[in-house]
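See below for the structure under consideration.
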Amino acid sequence: MKNQIFISISMLLILAVSPLTMAFASTSSDDDFLDIREATIDATSEEMSAFLETHGHIPTNGDGGAFGYGVLTTEGLDAVVVSTTHAGVQDSEEQTNTNDPVWHNHFVTLAQDSDNCGNDLKVEAITSQSPGQVDVNDNNADLTEIPASFSGTDALSGDDLTIEPGTDVDDVVSFKLAPQFNDDDELEAVCVTDIKSAESIVFDNGNGNSNSDGRNNDESSNDEDNGATQGIGQSQSTSQ
């Protein structure tokens, strides 16, 4: 399976731009599933869960294009938990083939790449395995049993990979994915775009007590773009 995933990623280097770009594009007329109404975090020192409620129905058949949800911790961009769906790229052991849009998790490392992604981030390393569980139903996405640390295989390089996000959550976001190609139609980078923070984050300590963080509500109404990227900015500063 490890070799199969790596070969699938390697084959992207000879794919033409148009078919893959179309696979990453959304056919949905309304992307309100990218607007997270509320995220509830339940965490211990060993694992965490994130229960997301969005403003719209979350596609599971590929109609939403390539997008996902991310949980950022105090480890910053070096260790991000994401759950994503995309046809056109087989980067997970959960996918049966290249065109399988099944939802799956990754632990990823993100980095700056101004040449290929401009002001957006790119995927630097990504597990081919799917740590924890993900369940998507209507306008809810539940990421559960997410471990504080995971060792697996980098889907981009085939090398061993360990990523340790911990469970101290800073932000919960939605995002889109955009592949970038060179003049020879070779994949140069996968950029992470259109990042939006959740409107509200509720932290549950597991003992029945909750702490609501509504910092993004006022920001999103007054300055949607700034509010949507605040969490990413915080994580960048902690990773330096």
Let me spell it out: the conditions are (1) in contact (Cβ under 8 Å) with a residue 12 or more places away in the chain; (2) surrounded by fewer than 21 Cβ atoms within 10 Å (Cβ to Cβ), and ASP160 meets all of them except one. Which number is the exception?
(1)
Could you say which residue among LEU143, LEU156 is under 17 Å from the mean Cα position of the chain (by Cα) and within 21 Å of VAL190 (Cα to Cα)?
LEU156
Would you tally the residues in the range 88-107 being buried (at least 21 other Cβ atoms within 10 Å of the Cβ) and touching a residue at least 60 places away in the same chain (Cβ under 8 Å)?
5
Would you tally the residues in the range 108-121 being assigned to a strand (DSSP E or B), more than 15 Å from SER174 (Cα to Cα) and in contact (Cβ under 8 Å) with a residue 40 or more places away in the chain?
1
Would you pick out the residues in the range 36-70 that are among the small types (Gly, Ala, Ser) and free of Cβ contacts under 8 Å to residues at least 60 places away in the same chain?
GLY62, GLY64
State which residue is farthest from VAL136 (Cα to Cα) when the search covers only the range 38-66 and only residues that are assigned to a strand (DSSP E or B) and touching a Ser or Thr at 6+ places or on another chain (Cβ under 6 Å).
ALA43
Tell me, which residue of the range 71-112 that is touching a Gly at 6+ places or on another chain (Cβ under 8 Å) and of a type in the set (Gly, Ala, Ser) is nearest to ILE146 (Cα to Cα)?
SER83
Test each condition in (1) within 19 Å of TYR69 (Cα to Cα); (2) in contact with a Phe, Trp or Tyr (Cβ under 9 Å, 6 or more places away or on another chain); (3) part of a strand (DSSP E or B); (4) not hydroxyl-bearing (Ser, Thr, Tyr) for GLY152 and report the one that comes out false.
(1)
Of (1) part of a strand (DSSP E or B); (2) surrounded by fewer than 19 Cβ atoms within 10 Å (Cβ to Cβ); (3) at pLDDT below 95; (4) not polar (S, T, N, Q), GLU145 satisfies all except one. Which?
(3)
Take ASP154 and tell me if it is surrounded by 17 or more Cβ atoms within 10 Å (Cβ to Cβ), modelled with pLDDT of 95 or more and in contact with a strand residue (DSSP E or B) (Cβ under 6 Å, 6 or more places away or on another chain).
yes
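The values are calculated or read from the model by the stated rules, or taken from the named source; none is laboratory data. Since this is a predicted model, take the numbers as computed values, not measurements. Please note: Cβ atoms are built from the backbone with ideal geometry, for glycine as well, and neighbour counts cover all protein chains shown.
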